[in-house]
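Undergrad: Quick one: the structure is below, and I'll ask about it shortly.
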Amino acid sequence: MNRMNAPYPTPDSQNPLLAEWTGPYGLPPFAGATPERLRSAFDAALAAHRAEIDAIAADPAPPSFANTIEALEMSGRALDRVASLFFVLAGADTSDAIEAVERDVSPLLARHSNALYLNRTLFARIADLHARRGALGLSPEQARVLDRYHTRFVRAGAALDQTAQERLAAINERLASLGTQFGQNVLADEKAYALLLDEADLAGLPDFARHAARAAAQERGAPDKFAITLARSSCETFLQFSARRDLREKVFQAWISRGDNGGATDNRAIIAEMVALRAERARLLGFETFADYRLDDQMAKTPAAARNLLDEVWRRARAKAKVEGDALQQLVAEEGGNFALAPWDWRYYAEKRRKAEFDLDEAELKPYFQLDKMIEAAFETARRLFGLTFVPVAVPLYHNDARAWDVKNEAGNHVGLFIGDYFARSSKHSGAWKTSLRDQEKLAGDIRPIVVNVCNFSKPAPGEPALLSFDDARTLFHEFGHALHALLSNVTYPLLAGTAVSSDFVELPSQLYEHWLEVPEILRKYARHYRTGAPMPSALLDRLLATRTFNQGFATVEYTACALIDLEVHGLREPAGLDVGAFERRELERIRMPAEIVMRHRLPHFQHLFSGGGYAAGYYSYMWSEVLDADAFEAFAETGDPFNPAVARRLRDFIFGAGNLRDPAEAYTAFRGRLPTVDALLKKRGLDDAVPA
Ligand SMILES: [Zn+2]
């Protein structure tokens, strides 16, 4: 695009971001998505949606499903487009200007959502329909949509008096701003840090880690150095391999101090304020604590149900971690080390033990996990389970590293577009996620989804292949499971599409999908050496699969501590004036956190809880979903065929294709014939034989 031809700003009516997207496969005009245009498109789209909502509320005709619920489902289309495009960019290709827009619009979006969900005239129509829902002649899907709207409005405070509503609205806006600031602070701390090393400091690091460190240094303008950054793939690899205990400690401290460094990017005051505001909101809505409020609309239903599961797992995980820690301490002693195992030692000695016991190390494995082959493996699994094929297409995207595939079904028809954006860069937030540019629906025509997977794998040096760790490959399968949940969605109403399910159910498709990475016939075919093309030797494959439960005490403790602390901090009745640091220390002591293990996400950078509210009082969801995924994969295992067509059909009908058509417990029961038990999870993690002290 030649910007010289536009001497004055484009007027809003010509803002290309407001129109229907007409790019290939319905893609948005990425090239026109400048921060200025995005900012002004938000204003116009918000105004348009406000006008639509007002018209629905003021309709003189008596409420009907069509003039109220379907009208709401058809409204806000421009806003959906602008917001979905914007948040893809804000997550995966941000800049100072995009961050400024994000800070600007997040309170506007919160205010807008308040105006919708606290609109009393509109709620009166929904409540009227809900009261006589049995007499409206609705299809099961329509009844579900009506019920979900009613629940959402009630939970947002539509039935409260005006004073309470005004306070609620103020709380929501403030929470939105705080959440944005929280995430930006974490990113700022991550960007600010790089440990620049010389060749002599790299003892223990395998080639792939050296290459990645070299590339990271080049990106930071220090081409003759090696940089360790706070991207998980960089610092975790360093902690696993670096023989330099002093440097491991440095990196580890920087990693766990994100958001906890004092100064402008410190998140502790933000957390205290967010927790207090959430508790106040819950009380306004008639719940004792935020956790009670949050869990009420989840599959778990109560904090007690979630805590029961976590406690059961926690006792066994601690016992297992004790055994693992003792073995690592033994290893330290055997090497003549005269120190107590510290958190920055665990990964390093665990890697040594893995090598000693299974004769298996990451460096030996990594050449077999090429990014492109793992993408193919994920696609092949989708073909065998669901009949999908993926054809690469060259289309303009938002960044050169992003790639797109046309997804087709057995009949060769277009199912959706899949975009994979796999490499870490400094303009990308950390972590891995699935997001959508467009969701599936049939209300406004046969709308096909456009789904994005974002990861943070180390980018290889030019000319080198991209190699993954086994964990990276699992992340790839995980996010691809979310993507399939969106791609296979087969519903009429957008409200129920794809991943729009409760957050303790949404990880079922993604975590279930991880199981197929470990299916030997998939590994045999796709885990091939990047130089020779030879398949992974079967002895190595056997050893890899034998390590599945290795170090699971550690991993389970690292995770479950986070889930327990999340429920505690959001279960506080009077959180005003919370001292975040003291609270975290006290709670870890109470649950008897092993000294050698640190929470996977400490509160000051726990983005699941505070960067937006998605997983607040909901981090237990991963474990809850894992109970489901372990039990669900057993359904295949019981048949002796990991691709059993009959089981795959039910999986598609009731889980992957079914969005939020049913209550999650009903959906699961329809797939499995019963509710899940915890047994498969304990077995999967190797905790079934751990004896709690
Ligand atoms: Zn996930």
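The values are calculated or read from the model by the stated rules, or taken from the named source; none is laboratory data. None of these values were measured; they are calculated from a predicted model. Cβ: placed from backbone, ideal geometry, glycine included. Neighbour counts: every protein chain shown. These area figures cover heavy atoms from the full protein model, side chains too; ligands, DNA and RNA do not enter into them. Shrake-Rupley method; radii C 1.70, N 1.55, O 1.52, S 1.80 Å.
Undergrad: Quick check on this structure: which one of 352, 366 is out of contact with any Asp or Glu (no Cβ under 8 Å at 6 or more places or on another chain), closer than 26 Å to residue 460 by Cα, modelled with pLDDT under 95 and open to solvent by 30 Å² or more (accessible area, probe 1.4 Å)?
TA: On the way: 366 fails: open to solvent by 30 Å² or more (accessible area, probe 1.4 Å).
From the options 352, 366, the qualifying one is 352.
For (1) over 30 Å from residue 406 (Cα atoms); (2) at pLDDT 95 or above; (3) aliphatic (A, V, I, L, M); (4) open to solvent by 20 Å² or more (accessible area, probe 1.4 Å), each residue gets a yes or a no:
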residue	(1), (2), (3), (4)
17	no, no, yes, no
27	no, yes, yes, no
45	no, yes, yes, no
50	yes, yes, no, yes
57	yes, yes, yes, no
68	yes, yes, no, no
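One line per residue, one yes/no per condition, for (1) open to solvent by less than 40 Å² (accessible area, probe 1.4 Å); (2) modelled with pLDDT of 95 or more; (3) more than 26 Å from residue 624 (Cβ to Cβ):
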| site | (1), (2), (3) |
| --- | --- |
| 443 | no, yes, yes |
| 448 | no, yes, yes |
| 462 | no, no, yes |
| 471 | no, no, no |
| 476 | yes, yes, no |
| 485 | yes, yes, no |
| 489 | yes, yes, no |
| 498 | yes, yes, no |
| 502 | yes, no, no |
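Undergrad: Output the residues belonging to region 639-667 that are in contact with a helix residue (DSSP H, G or I) (Cβ under 7 Å, 6 or more places away or on another chain), of a type in the set (A, V, I, L, M, F, W, C), open to solvent by 10 Å² or more (accessible area, probe 1.4 Å) and in a helix (DSSP H, G or I).
TA: 654
Undergrad: Could you give every pair whose Cβ atoms fall below 9 Å, whose first residue belongs to region 486-512 and is under 11 Å from residue 448 (Cα atoms), and whose second residue is among the charged types (D, E, K, R) and within 15 Å of the ligand (Cβ to nearest atom), counting only separations of at least 6 or pairs across chains?
TA: So the pair list comes out as 486/434.
Undergrad: Return the residues of region 427-441 that are among the hydrophobic types (A, V, I, L, M, F, W, C) and open to solvent by 40 Å² or more (accessible area, probe 1.4 Å); say none if nothing qualifies. Steps first, please.
TA: Applying the first criterion (among the hydrophobic types (A, V, I, L, M, F, W, C)) to region 427-441 yields 432-433, 437.
Matches in region 427-441: 433 only.
Undergrad: Continuing with the same structure: Residues being within 26 Å of the chain's Cα centre (by Cα), of a type outside the set (D, E, K, R) and buried (at least 16 other Cβ atoms within 10 Å of the Cβ): count how many of those fall in region 280-304. Working first, answer last.
TA: As a first pass, look at region 280-304 and keep what is within 26 Å of the chain's Cα centre (by Cα): 281-282, 289-304.
Next cut, of a type outside the set (D, E, K, R) only: 282, 289-291, 293, 295, 298-300, 302-304.
From what's left, buried (at least 16 other Cβ atoms within 10 Å of the Cβ): 282, 289-291, 293, 295, 298-300, 303.
Count: 10.
Undergrad: Could you check residue 595 against (1) open to solvent by less than 40 Å² (accessible area, probe 1.4 Å); (2) more than 16 Å from the ligand (Cβ to nearest atom) and say which number it fails?
TA: Among (1) open to solvent by less than 40 Å² (accessible area, probe 1.4 Å); (2) more than 16 Å from the ligand (Cβ to nearest atom), residue 595 violates only (1).
Undergrad: While we're on this one: If I ask for residues that are within 19 Å of the chain's Cα centre (by Cα) and either within 18 Å of residue 407 (Cβ to Cβ) or assigned to a loop (DSSP other than H, G, I, E, B) (or both), which ones from region 439-457 would you list? Full working, then the answer.
TA: Residues of region 439-457 that are within 19 Å of the chain's Cα centre (by Cα), as a first pass: 439, 449-457.
439, 449, 450, 451, 452, 453, 454 - these are the residues of region 439-457 that are within 19 Å of the chain's Cα centre (by Cα) and either within 18 Å of residue 407 (Cβ to Cβ) or assigned to a loop (DSSP other than H, G, I, E, B) (or both).
Undergrad: Which members of region 216-230 meet the condition of being in contact (Cβ under 8 Å) with a residue 12 or more places away in the chain and open to solvent by 30 Å² or more (accessible area, probe 1.4 Å)? Before you say what the answer is, go through the steps one by one.
TA: Kept after step one, since they are in contact (Cβ under 8 Å) with a residue 12 or more places away in the chain, are these residues of region 216-230: 216-217, 219-220, 222, 225-230.
If the condition is that a residue be in contact (Cβ under 8 Å) with a residue 12 or more places away in the chain and open to solvent by 30 Å² or more (accessible area, probe 1.4 Å), then 219, 220, 225 are the ones that fit.
Undergrad: Go over the candidates 581, 612, 571 one by one and state the one that is open to solvent by 10 Å² or more (accessible area, probe 1.4 Å) and on the phi > 0 side of the Ramachandran plot.
TA: Values: 581 fails: on the phi > 0 side of the Ramachandran plot; 571 fails: on the phi > 0 side of the Ramachandran plot.
Result: 612 is the single residue among 581, 612, 571 that is open to solvent by 10 Å² or more (accessible area, probe 1.4 Å) and on the phi > 0 side of the Ramachandran plot.
Undergrad: While we're here: Which condition breaks for residue 419 when tested against (1) assigned to a helix (DSSP H, G or I); (2) open to solvent by less than 30 Å² (accessible area, probe 1.4 Å)?
TA: (1)
Undergrad: Would you mind stating whether residue 31 is at pLDDT below 95, under 30 Å from the mean Cα position of the chain (by Cα) and small (Gly, Ala, Ser)? Talk me through it step by step, then tell me what you get.
TA: Numbers: at pLDDT below 95: yes; under 30 Å from the mean Cα position of the chain (by Cα): yes; small (Gly, Ala, Ser): yes.
Against the criterion (at pLDDT below 95, under 30 Å from the mean Cα position of the chain (by Cα) and small (Gly, Ala, Ser)), residue 31 qualifies.
Undergrad: Still on this structure: From the list 103, 81, 132, 120, pick out the single residue that is modelled with pLDDT of 95 or more and surrounded by fewer than 20 Cβ atoms within 10 Å (Cβ to Cβ). Before you say what the answer is, go through the steps one by one.
TA: Details: 103 fails: modelled with pLDDT of 95 or more; 81 fails: surrounded by fewer than 20 Cβ atoms within 10 Å (Cβ to Cβ); 120 fails: modelled with pLDDT of 95 or more.
Going through 103, 81, 132, 120 in turn, just one is modelled with pLDDT of 95 or more and surrounded by fewer than 20 Cβ atoms within 10 Å (Cβ to Cβ): 132.
Undergrad: For region 496-529, give me each residue that is more than 16 Å from the ligand (Cβ to nearest atom) and either in a helix (DSSP H, G or I) or of a type in the set (Lys, Arg) (or both).
TA: In the first step, residues of region 496-529 are kept if they are more than 16 Å from the ligand (Cβ to nearest atom); the result is 496-497, 518-529.
Those that are more than 16 Å from the ligand (Cβ to nearest atom) and either in a helix (DSSP H, G or I) or of a type in the set (Lys, Arg) (or both): 496, 520, 521, 522, 523, 524, 525, 526, 528.
Undergrad: Let me ask something additional. In region 84-100, which residues are modelled with pLDDT of 95 or more and among the polar types (S, T, N, Q)?
TA: 84
Undergrad: Output the residues belonging to region 156-202 that are open to solvent by less than 30 Å² (accessible area, probe 1.4 Å) and either in contact with a Cys (Cβ under 7 Å, 6 or more places away or on another chain) or in a strand (DSSP E or B) (or both).
TA: Across region 156-202, the qualifying residues are 195, 197.
Undergrad: Evaluate the following for residue 110: is it in contact with a His (Cβ under 8 Å, 6 or more places away or on another chain) and assigned to a helix (DSSP H, G or I)?
TA: Details: in contact with a His (Cβ under 8 Å, 6 or more places away or on another chain): no; assigned to a helix (DSSP H, G or I): yes.
Spelling it out, it is not the case that residue 110 is in contact with a His (Cβ under 8 Å, 6 or more places away or on another chain) and assigned to a helix (DSSP H, G or I).
Undergrad: Run residue 260 past the list (1) surrounded by fewer than 23 Cβ atoms within 10 Å (Cβ to Cβ); (2) farther than 21 Å from residue 183 by Cα and report the number of the one that doesn't hold.
TA: (2)
Undergrad: Please work out which residue is nearest to residue 398 (Cα to Cα), limiting yourself to region 442-459 and to residues that are small (Gly, Ala, Ser) and touching a residue at least 40 places away in the same chain (Cβ under 8 Å). Quick ask: steps written out before the conclusion?
TA: Quick first cut of region 442-459, residues small (Gly, Ala, Ser) only: 444-445, 458.
Next cut, touching a residue at least 40 places away in the same chain (Cβ under 8 Å) only: 444, 458.
Numbers: 444: 26, 458: 19 Å.
Only one residue fits best here, namely 458.
Undergrad: Quick check on region 469-482. Is at least one of its residues touching a residue at least 60 places away in the same chain (Cβ under 8 Å), closer than 24 Å to residue 684 by Cα, away from the ligand (no atom under 16 Å from the Cβ) and over 17 Å from the mean Cα position of the chain (by Cα)? If you could, list the steps in order and put the result at the bottom.
TA: Start the filter on region 469-482 by keeping residues that are touching a residue at least 60 places away in the same chain (Cβ under 8 Å), which leaves 469-470, 472-473, 476-477, 480.
Going one step further and asking which of them are closer than 24 Å to residue 684 by Cα, we end up with 469-470, 472-473, 476-477, 480.
Next cut, away from the ligand (no atom under 16 Å from the Cβ) only: 469-470.
Pick out the ones that are also over 17 Å from the mean Cα position of the chain (by Cα) and you get 469-470.
Scanning region 469-482, I find at least one residue that is touching a residue at least 60 places away in the same chain (Cβ under 8 Å), closer than 24 Å to residue 684 by Cα, away from the ligand (no atom under 16 Å from the Cβ) and over 17 Å from the mean Cα position of the chain (by Cα), so the answer is yes.
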